[in-house]
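Engineer: One structure follows; several queries about it will come next.
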Amino acid sequence: MEKLHISWISFSNHSNFHNIENLSRFGFTINCLFAANHKKTSLLLISNETIHCNKIMKIMIDIRHTMPHIPAIFIGHCSSNIRGELLTIGMDDVVSPNIQPIELYARIIGLHKRYDKGLYIRKIGAFHIDYLDRNISYDDIHIPLKPREYLLLEYLITNSPKPVSRTNILYHLWNCRHDPGTNSVEVHIWRLRQKMIEYVPNAPKIQTIKNRGYAIVVHKYVQKLSPIWL
């Protein structure tokens, strides 16, 4: 999947940057709206806590007139009436500043289901990755994966043939910046290997690279499928 380019504009003293920053680990590129190339913008995130209602409404109307075909999510504390007005003038979603990154990610995915599902389909070698439904298959054989197994296999495939370190896996799957000293990574690697042996024994194997991490070697050829294949 090509990275989604999210343009972010904040009218907040406390801009909730931590949640926005965390979106990057889901495969998004985050840029300031004013520094972004609008032609590459996949989605707008607009954060507000300080500007009063009438003024922010005018700003939102101007933004929607300037970029009417780009999905937009408004982040701010709103009453039901204000939320309704924002949706009426063209916001695709309105969420609380306290929203967790995983929910914000899910809402972004939901928007793009309506806008362009083709962005989320990728074929790497014989692996077929559906980023929307979070499915991976090999030679058209579906691999039943739990959420973290999906994240792990997708991470290994998209980084192929380079190995990914244990530290990077901990951050990607658990958002851990420091090693907690558990064997969670090794357990998930083992379970994923067993599942692939059971369902797709002909698929490339997950290799342990000494002092570097884990790798899976697939063909370098990358193809984005047309939505007509879906």
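Engineer: Assess whether S7 counts as being at pLDDT 65 or above and small (G, A, S).
Structural biologist: Yes, satisfied.
Engineer: Among what's in the stretch 163-205 and is under 20 Å from the mean Cα position of the chain (by Cα) and in a helix (DSSP H, G or I), pick the residue that is nearest to L23 (Cα to Cα). It would help to see each step written out before you state the result.
Structural biologist: Let us first name the residues in the stretch 163-205 that are under 20 Å from the mean Cα position of the chain (by Cα), namely 164, 167-177.
Then keep just the ones that are in a helix (DSSP H, G or I); that gives 167-174.
Details: T167: 18, N168: 16, I169: 16, L170: 16, Y171: 13, H172: 11, L173: 13, W174: 13 Å.
The residue in question is H172.
Engineer: Could I ask something else about it? Residue check: is N54 at pLDDT below 85, part of a loop (DSSP other than H, G, I, E, B) and out of contact with any strand residue (DSSP E or B) (no Cβ under 9 Å at 6 or more places or on another chain)?
Structural biologist: No: the conditions fail for N54.
Engineer: I'd like to check something: does the stretch 80-87 contain any residue that is modelled with pLDDT under 85, more than 23 Å from T29 (Cβ to Cβ), of a type in the set (A, V, I, L, M) and not assigned by TED's automatic domain parsing to the domain that holds W174?
Structural biologist: no
Engineer: Is the stretch 180-190 home to any residue that is touching a strand residue (DSSP E or B) at 6+ places or on another chain (Cβ under 7 Å) and surrounded by 13 or more Cβ atoms within 10 Å (Cβ to Cβ)?
Structural biologist: yes
Engineer: Another one. For N13, all conditions in the list (1) part of a loop (DSSP other than H, G, I, E, B); (2) modelled with pLDDT under 75; (3) out of contact with any Asp or Glu (no Cβ under 7 Å at 6 or more places or on another chain) hold save one; what is the number of the exception?
Structural biologist: Here N13 meets the rest and fails (3).
Engineer: Answer yes or no: is there a residue in the stretch 125-146 that is under 22 Å from the mean Cα position of the chain (by Cα), without any contact (Cβ under 8 Å) to a residue 12 or more places away in the chain and not in a strand (DSSP E or B).
Structural biologist: Looking for residues that are under 22 Å from the mean Cα position of the chain (by Cα), without any contact (Cβ under 8 Å) to a residue 12 or more places away in the chain and not in a strand (DSSP E or B), one finds at least one in the stretch 125-146, hence yes.
Engineer: Under 7 Å between Cβ atoms, at least 6 apart or on separate chains: pull out the pairs that start in the stretch 96-110 with a residue that is over 15 Å from I70 (Cα atoms) and end on any residue that is of a type in the set (G, A, S) and assigned to a loop (DSSP other than H, G, I, E, B).
Structural biologist: P97/G76
Results for (1) charged (D, E, K, R); (2) outside the structural domain of K205 (by TED's automatic domain parsing); (3) more than 19 Å from K210 (Cα to Cα); (4) modelled with pLDDT of 85 or more, shown as yes or no for each residue.
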position	(1), (2), (3), (4)
V95	no, yes, yes, yes
I124	no, no, yes, yes
R134	yes, no, yes, no
P147	no, no, yes, no
T158	no, no, yes, yes
S184	no, no, no, yes
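The values are calculated or read from the model by the stated rules, or taken from the named source; none is laboratory data. Keep in mind that what you see is a predicted model, and the values were worked out from it rather than measured. Please note: Cβ atoms are built from the backbone with ideal geometry, for glycine as well, and neighbour counts cover all protein chains shown.
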